[in-house]
Amino acid sequence: MKHYYAMIMAGGGGTRLWPMSRQDMPKQLLPLVEDHSMFKISVERLAPLFTPDRIYIVTGRKYVDIMRSHTPEIPAENFIVEPYGKDSGPAAALGLTVIHKRDPEATVAILTADHHIKHKDKFREALAAAYEVAQQGYIVTLGISPSYPATGFGYIRQGDSLCEANGFTTYVSRGFTEKPNAVTATAFLASGEYSWNSGMFIWTARQALDEFARQQPAMHASLMKLQPAVDTPDFEDKLEATWNEIAKISLDYAVMEGAEKMAVIPVDIGWNDVGSWASLYEVLKLDKFGNGFKGRQPERVSLDTHNTLVYSDKLTVTIGVNDIIVIETPDALLICHKDRAQDVKEVVNHLLTTKNYKYL
């Protein structure tokens, strides 16, 4: 496929995976599911659809060196470094600006660095299908077939069938709905018309920048002033000045919710966003009692323990507990009920409020 690029967004913080995920070592740099970092696995699963020179990384200054060490096969110039985080909208727009300057005919798949995808072959086949549809002038999103009425994800409504591509049925998108309440999510699931929003989008760079021009004209104007400096010695200085002008906004709010000619490909690829300890538990290999163990310590003692996650490098003993999460790091210990895993971000907020920065 000519002019096809992957752009991995890799600047997130992962506060709900504290105390392992920290400001200097966020979740995408951790070996949460497999033996390598989630970022490295995100790069590796793109082969052979994308060669290393067709893979771009958008990240922050504090992460770029370690990411380069994890993926030395990616050319150094393919790391696009934000001066500081401004959410996914400006990050995506910056990456698209650079890629479009280097290849005006580019089609770009915007992907994530911190999702678990079990069925990697099917994922690549879906990306190939999305490329075909994008050539017809559509912005394509991969919709995840919902397995339960989740309230933590956005949803995409499927309209009429559009076409078949690489064995996948593509539908016209009838719009996004942000995280619904439980009643609405249940209705969505029952209708069969909705997919979870995976945050993965495939579009031509030209069309993407046109959408930013239409919906975020100030951001687009700033980046178009920057674009001539791409691959020149002045780029970093001009980026720093330009970045100060740009508003902080997510990609969904910036352009996706109001985008024209959207299409959705519903897929079942074993996807999990690994956004909390409870969601990590869902993708780990469990013992016959439903317990999941991670860490360098091979010895575990679990007596009368069920449906529990233990992530520790020490010998950890659990007795008579169910549905518990235990996460141990050298300077912190988290113990919580699995149903309260989303509340871990409140711990991070508390540490910020009390200025306990050493734990962040």
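Taken together, the values in this text are just the output of simple stated rules run on the coordinates, not laboratory data. Computed from a predicted model, the values in this text were never measured in an experiment. FYI the Cβ positions are ideal-geometry reconstructions off the backbone, even for glycines, and counts take in every protein chain you see.
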Selected from Gly175, Gly137, Gly192 as most flexible by GNM, with the chain as the system and alpha-carbon contacts under 10 Å: Gly192
Cα→Cβ-extended label distance, 7 Å offset, between Asn307 and Lys288, nm: 2.0
Net charge of neighbours whose Cβ lies under 15 Å from the Cβ of Gly295, counting Lys and Arg as +1 and Asp and Glu as -1: -1
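With a Förster radius of 25 Å, plug the Cβ-Cβ distance of Ala213 and Glu240 into 1/(1 + (r/R0)^6) and report the FRET value to the nearest 0.05. It would help to have the intermediate numbers written out before the result.
Numbers: r = 23 Å, r/R0 = 0.91.
According to the calculation, E is roughly 0.65.
Among residues other than Val326 whose Cβ falls under 14 Å from its Cβ, what is the net charge (Lys/Arg +1, Asp/Glu -1)?
Numbers: positive: Lys294, Arg300, Lys314, Lys338, Arg340; negative: Asp313, Asp323, Glu328.
Here the charged neighbours net out to +2.
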Fraction of antiparallel bridges per DSSP, the chain only, in percent to nearest 5: 50
Virtual spin-label span in nm between Ala76 and Asn272, 7 Å along Cα→Cβ: 3.8
Positive minus negative residues near Asp234 (Lys, Arg vs Asp, Glu; Cβ under 13 Å): -2
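Over the chain, calculate the relative contact order: mean separation of alpha carbon pairs under 8 Å at least 6 apart, over the residue count, as a percent.
Values: 688 pairs, mean separation 69.9, N = 360.
The value is 19 percent.
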Listed residue (Asn349, His100, Gln135) projecting farthest to the positive dipole end of the chain, Cβ model: Asn349
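Given the -39500 (n - 2.57) contribution per DSSP H run of 4+ residues, what per-residue ellipticity at 222 nm results for the chain, rounded to the nearest 500 deg cm²/dmol? Before the final figure, lay out the partial values.
Numbers: 11 runs with 108 residues, N = 360.
Helix contribution divided over all residues of the chain: -8500 deg cm²/dmol.
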Separation between Cα centres of region 317-360 and region 119-175, rounded to whole Å: 36
Distance in nm between pseudo-label sites at Ala190 and Glu34 (7 Å out along the Cβ direction from Cα): 4.0
Angle between the chain longest axis and helix 120-134 axis [Cα atoms, degrees, rounded to 10]: 20
Given charges at Cβ of Lys, Arg, Asp, Glu: the chain dipole, positive-most of Gln28, Leu303, His70: Leu303
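If you stretched the chain out fully between His3 and Gln135, how much longer would it get, using 0.36 nm times the residue separation minus the C-alpha to C-alpha distance?
Details: separation 132, 0.36 × 132 = 47.52 nm, distance 1.10 nm.
Between His3 and Gln135, full extension yields an extra 46.4 nm.
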In degrees, nearest ten, helix 88-102 long axis to first principal axis of the chain (Cα): 50
GluC sites (Glu not before Pro), loop per DSSP, at most 16 other Cβ atoms within 10 Å - longest free stretch of the chain: 106-177
Using alpha-carbon coordinates, inclination of helix 182-191 to the longest axis of the chain, degrees: 60
Selected from Thr15, Thr151, Thr141 as most flexible by GNM, with the chain as the system and alpha-carbon contacts under 10 Å: Thr151
log₁₀ of I(q)/I(0) at q = 0.17 Å⁻¹ - region 4-272, Debye sum with one point per alpha carbon: -1.49
